[in-house]
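Written below as structure tokens is the structure these notes are about.
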Amino acid sequence: MDWENLFGGMAAPVTFGGVAGLVVGYTAKKLTKLVALLLGILFIFTQVLAYEGFITINWMAVQHSAETVWRDPHGMTLADHLWDIVTANLPFGGAFAAGFAIGFKLG
């Protein structure tokens, strides 16, 4: 079967988009797990230092800093911004999104 003629020249971009999405989704899930592990270790270490009296933590300042990292002044979240970067100029966005979802599930 001639896939190129069947999909009007879109088979290669759609296939590439799906595979790229799969790889990015799989990697994103693995990195998310690693970041969560590192943040958990950092939190426990910080709590131990605070409990032992080596440091004092201003949790309101921490919360304020975290809020500005996750949401910009225009209301766009960090995840929204990253998704815009990843999907910019992708003519095969649907295949990429499907591949990303599968890759994230598999990761």
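Here, each number is a calculation from the coordinates, and none is a lab measurement. Bear in mind the structure is a predicted one, so any value in this text is a computation, not a measurement. All Cβ positions, glycine included, derive from the backbone under ideal geometry; neighbour counts span all protein chains shown.
Brief remarks on what is shown
- Burial ranking of peptide ranges 97-104, 54-61, 25-32 (average Cβ count within 10 Å, highest at the top): 97-104, 25-32, 54-61
- Multiplying the residue separation of Q63 and L106 by 0.36 nm and removing their Cα-Cα distance gives an extension gain of 12.2 nm.
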